[in-house]
Amino acid sequence: MAKAAARKAAFAVRAAAQAGAAGAEGAMQAHLRAALAGFEDAPLAGYMPIRTEADPLPVMAGHRGPVGVPVIVAPGQALVFHRWSEGCALTPGPFGARVPTDGVAMVPRVLIVPLLSFDARGYRLGYGGGFYDRTLAALRAAGPVLALGYAYAAQEVPGVPVDGFDQRLDGVVTENGVSWFD
């Protein structure tokens, strides 16, 4: 119940933040590029923005290494990632996110993660399917992974409600800079 109420409030905050963020995209992208320094050749997964999500596509398009986007296989499953490049053919996927038509799989070591809200501990509130929590747990079990939330500063809340399976982010990038978590 706490997460459902937090999601409802977070959707409204994010929509207002996006509407008021005219001109902030350049700063957000510069901070994201800075956060990715040292990972230029690493396999990177971002996301195709939906609703009022902050848009990482310009940074993804300029990444030197392979780039992918998430694909939902089924409820209760971890995400898989398919190779993406600027201008590639896309098909509508679940929940309105577009996915590459050719479906070439890739495994990221760096993730740009969408969110509804985040807190100073590094926890994020997503849409409630647990897709990123399952995915991060599986990827981290296979080796090191850098997970960066990408959001507007107004999306920070004092505390995100968490469960035992919630995965922490390594950092969050906003128009104000990068916050790293221990």
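Readers should treat all values here as calculations from the given coordinates under stated rules, not as data from a laboratory. This one's a predicted model, so the numbers in the text were calculated from it and none came from an experiment. Don't worry about glycine lacking a Cβ; one is built from the backbone with ideal geometry, like all the others, and counts go over all protein chains shown.
Before moving on, here are some points about what is shown:
- Size of electric dipole in segment 2-180: Cβ of Lys, Arg +1 and of Asp, Glu -1, about Cα centre, debye, nearest 20: 340 debye
- Rounded Å value of the spacing that divides the Cα centres of segment 14-46 and segment 109-182: 14 Å
- Full-extension gain in nm, Gln77 to Ala120, via 0.36 nm per residue minus C-alpha separation: 12.7 nm
- Extension gain for the segment Glu40 to Ala16, taken as residue separation times 0.36 nm less the Cα-Cα distance, is 5.4 nm to one decimal.
- Kyte-Doolittle mean at least 0.0, axial Cα span of 20 Å or more - DSSP H helices of the chain: 2-19
- Cα principal axis extents for segment 130-182, largest first, Å: 32, 23, 20
- Cut-off under 5 Å, modelled amide H: who pairs with Gly68 long-range: Leu44, Ala45, Gly46, Trp84
- For the chain, radius of gyration divided by Kirkwood radius, i.e. Rg to Rh on alpha-carbons: 0.93
- Surrounding net charge for Val145, when Lys and Arg each add one and Asp and Glu each subtract one, Cβ distance under 11 Å: +1
- Measuring gaps between exposed loop sites in the chain (GluC sites (Glu not before Pro); DSSP loop; at most 15 other Cβ atoms within 10 Å), the longest gap, sites not included, is 87-182.
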